[in-house]
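Heads up: the structure comes next, in structure tokens.
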Amino acid sequence: MALQTYRNLMRRFTLSMFFLTTSLTLLSILSISVGVVSVGFKDVVDHLLGISSHTFLKGIIDLRVIRTSASVLAGASLGVAGVLIQGITRNPLAEPYILGISSTALSVVSLALILNPSLINSRTEVMLYSFLGALLGFLFTLMLSRLGSSGLSLVLAGIAVTSISSGISHILLYLVQSVLRIPYVYLLMGSTTSVLKADIPTLTLTSIIGISASLLIVKSLNAYIYGDEYSRQLGFNPRLTILTAATITSILTGMSVAVVGIIGFVGLASPHICRYLVGNDHRFLLPASALVGAILVVLSDIIVRAISSVSGLGELPLGVVTGIIGAPFLAYLVLKRVRE
Amino acid sequence: MRLAVKNLVVEYNSTKVLDEVTFEVLDGELTFVLGPNGAGKTTLLKAISRLVNVVGGSVYIDGKDLRNYSPREVGKAFAYAGPQVYRVLPSTVFEFLLISRYPHQNRLQYVESLDDIKVLDEVVNELNIGGLLSRKLEDLSSGELQRVLIARALIQKPTILLLDEPAAFLDIKYRIEVLDMIKNLTKNRRLITLVANHDLHLTSLYADRVILLDSGRVVAVGGPEVLTKELVEKIFKVRVEVLKNCYGRNLILPIRALD
Ligand SMILES: Nc1ncnc2c1ncn2[C@@H]1O[C@H](COP(=O)(O)OP(=O)(O)OP(=O)(O)O)[C@@H](O)[C@H]1O
Ligand SMILES: [Mg+2]
């Protein structure tokens, strides 16, 4: 009986991972082929395998590889961060930005830009400021919540930090716009258009470190979600679980905000899609959510470019697309809760 | 094996909830912690398994101070089944039961061993919850949840089993089945079992030993015969009748409230 249930669980996980990996691969290739100049599937694969060396295509493909990699990494980070934050808050409606990360990142970046407009030429420095801002926001939240004494205090502190700093960041961004004339919607709603080749290694490194670290605390999370008592009596320290998971969340989210801006709903929707696919055990949920997060962002990035190439207008921010996909999802979750 | 509790003191917001609690229990005995609401029964079980902070006193297992145990060793030795579990995040009964094997696994072990699943399966069959494994924790009835909570503690395979109101929501058949099972397990596997409850009748039916608590103090410790009519009436403020059943056990029947 139990053995059968266990086997089913494993089978569901294996099948889902296979299905998700395949989908992500196909979508990534599609993402490289779609755009103002569309490249055939075969050309993409040939280029990636190094068989063909058409120089005109190579330039286009290289640019799109960078965009696609950024989407995959940012999406995976957000997917994992979403699972972590829902776990430590024991709240299925929590998402990573709840920790007060995104708006503090924006505030710090805008402040830096106002003080030194020439900063805009160095993306690496902007990224650095954004990341520092995200960590700063997280530290504020952590201190306000009395060092993460509970998941709920963390959420409340996060909401406080967010509401203070989002007001500030809007004002600052408005000022930045008058100084620099860049459309700040991209920063606010996310975009991969400005990602550079040099960003990819940093993004890869933080994603890998963050995601691997999160795999080390899956069991303590599994115990923690049922209550501190369960965590303690199974030999874990609930406080340490909260702190570790929140730190990983802020690093993953902070880095993704720094590189592609704020992409809403992925951190919320991805864990739920995975709960449906592989169940709620964090050992399975985390890797699956990394893949689904990546799929969602790559898909949104494809849609953004497809719309732009058809309409001939500029690209929509990614957050708009994930919002349109994600909003009905949130509504569904809330309604389900209300009905219960 | 011997569990010794010496001068245990617990405070919440600097009011004493447990005051110099001292007693000893042996393995193989089913011990009931009895007392009115707010007497400190739950706090006592949690203090023993280090789930709440202790201000003074200590707990010894065979003379070894619990403070010398690592959190993992505590996890292997004790299992506490309380009435509470967070069920806001979705999760199935099976996923919930799996966590109980963690103290017995390597920290980085990612999948369960066949043995883990076997232990789980045995307990699941004993408590007749096989049909609930794939159900959502949040959808269970109170009685079903109660059996799942007890199962979780048993799957942890502790040597010291702490059950907080294990029968509160069970119907009469399950109440008898579950308590019989706990009594047998305690005797056959030589467990130290503490059951906290305020049910006089149930206690008189099953207890090998009784610890009577009132306002955080131990009022009486010993065999079920320590529950005399006078003492029980004074502590619980109810009129009771004490009858002998056919096995020669004293049964306590509550009659009416005293004022
Ligand atoms: N976390 C807490 N903070 C403050 N006071 C508490 C806390 N937990 C318990 N208490 C108080 O400690 C006393 C003992 O509580 P405890 O839960 O141990 O009683 P109990 O004997 O289990 O009662 P019941 O039969 O109602 O379960 C009560 O007066 C209770 O109000
Ligand atoms: Mg109690």
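The values are calculated or read from the model by the stated rules, or taken from the named source; none is laboratory data. Here the structure is a predicted model, which is why all the values come from computation and not from measurement. Note: ideal-geometry Cβ built from the backbone for every residue, glycine included; neighbour counts use all protein chains shown. For accessibility, only protein heavy atoms count, side chains too; no ligands or nucleic acids. Shrake-Rupley method; radii C 1.70, N 1.55, O 1.52, S 1.80 Å.
What to note about this one:
- Student exercise, chain A dipole from Lys, Arg, Asp, Glu Cβ charges, in Debye to nearest 20: 580
- Principal axis dimensions, largest first and in whole angstrom, of the protein assembly as shown by Cα: 97, 50, 45
- Rg over Rh [alpha-carbon atoms, Kirkwood Rh] for segment A:94-339: 0.97
- Stretch gain in nm, segment A:Leu144-A:Leu216, where the contour uses 0.36 nm per residue and the Cα spacing is subtracted: 23.2 nm
- Remark: segment B:125-167 is approximated by an ellipsoid whose semi-axes, taken from the C-alpha gyration tensor as √(5λ), come to 19, 12, 8 Å, largest first.
- Restraint check, B:Lys41/B:Lys234; B:Lys16/B:Lys157; B:Lys41/B:Lys173, Cα-Cα greater than 27 Å: B:Lys16/B:Lys157
- Note on the protein assembly as shown: with charges restricted to the Cβ of Lys and Arg (+1) and Asp and Glu (-1), its dipole about the Cα centre is near 200 debye.
- Within a straight-line Cα-Cα reach of under 22 Å, A:Lys58 can be paired with the following lysines, leaving aside sequence neighbours fewer than 8 residues apart in one chain: A:Lys42, A:Lys197.
- Summing charges over all other residues whose Cβ lies under 10 Å from the Cβ of B:Arg189, with Lys and Arg as +1 and Asp and Glu as -1, gives +2.
- Solvent-accessible area lost in complex, 50 Å² minimum, residues of segment B:83-131 relative to chain alone, 1.4 Å: B:Tyr86, B:Val88, B:Leu89, B:Pro90, B:Phe94, B:Glu95, B:Ile99, B:Tyr102, B:Arg107, B:Tyr110, B:Ile117
- Net charge of neighbours whose Cβ lies under 13 Å from the Cβ of B:Val74, counting Lys and Arg as +1 and Asp and Glu as -1: +4
- Based on Cα contacts under 8 Å between residues 6+ apart, chain B shows a relative contact order of 27 percent.
- Spin-label pair B:Asn7/A:Leu30, simplified geometry with 7 Å Cα→Cβ offset, distance in nm: 7.2
- Net charge of Cβ neighbours under 11 Å - reference A:Phe13; Lys, Arg +1; Asp, Glu -1: +3
- Drop in accessible area of at least 50 Å² in the complex versus isolated chain, residues of segment A:1-42, 1.4 Å probe: A:Met1, A:Ala2, A:Thr5, A:Tyr6
- Using the Cβ-Cβ distance between B:Lys229 and B:Asp139 with R0 = 56 Å, the FRET efficiency computed as 1/(1 + (r/R0)^6) comes to roughly 0.80.
- Ordered from largest to smallest accessible area (heavy atoms of protein chains, 1.4 Å probe), the residues B:Lys157, B:Lys237, B:Lys46 come out as B:Lys237, B:Lys157, B:Lys46.
- Summed over both chains, the area buried between B and A is near 3600 Å², taken from the accessible surface of protein heavy atoms with a 1.4 Å probe.
- The stretch between B:Gln109 and B:Asn250, if pulled fully straight at 0.36 nm per residue, gains 45.7 nm over its current Cα-Cα span.
- Here the calculated FRET efficiency for A:Met1 and B:Arg239, from their Cβ-Cβ distance with R0 = 56 Å, stands at 0.70, rounded to the nearest 0.05.
- Order by protection proxy (mean Cβ within 10 Å, highest first), peptides B:64-77, B:85-98, A:219-232: A:219-232, B:85-98, B:64-77
- Annotation: the antiparallel percentage among DSSP beta bridges lying fully within the protein assembly as shown is about 60.
- Looking at segment A:94-339, the accessible area is 40 square angstrom per residue; that uses a 1.4 Å probe and ignores ligands, DNA and RNA.
- Rounded to 5, the percent of DSSP beta bridges in chain B classed as antiparallel: 60
- The figure for B:Met1 is an accessible area of roughly 60 square angstrom, using a 1.4 Å probe on the protein chains alone.
- The accessible-area ordering, largest first, of the residues A:Ile209, A:Ile251, B:Ile155 stands as A:Ile209, A:Ile251, B:Ile155, per a 1.4 angstrom probe.
- Compactness relative to 2.2 N^0.38 Å, alpha carbon Rg of chain B: 1.02
- Computed helical MRE - 222 nm, chain A, DSSP H runs ≥ 4 contributing -39500 (n - 2.57), nearest 500: -26500 deg cm²/dmol
- Relative contact order of segment A:94-339, taken over Cα pairs closer than 8 Å and 6 or more residues apart, is 24 percent.
- Residue among A:Gly158, A:Leu106, A:Leu330 farthest towards the positive dipole end of segment A:94-339, charges placed on Cβ: A:Leu330
- Heavy-atom accessible area ranking, 1.4 Å probe, most first, across B:Asp171, B:Asp199: B:Asp171, B:Asp199
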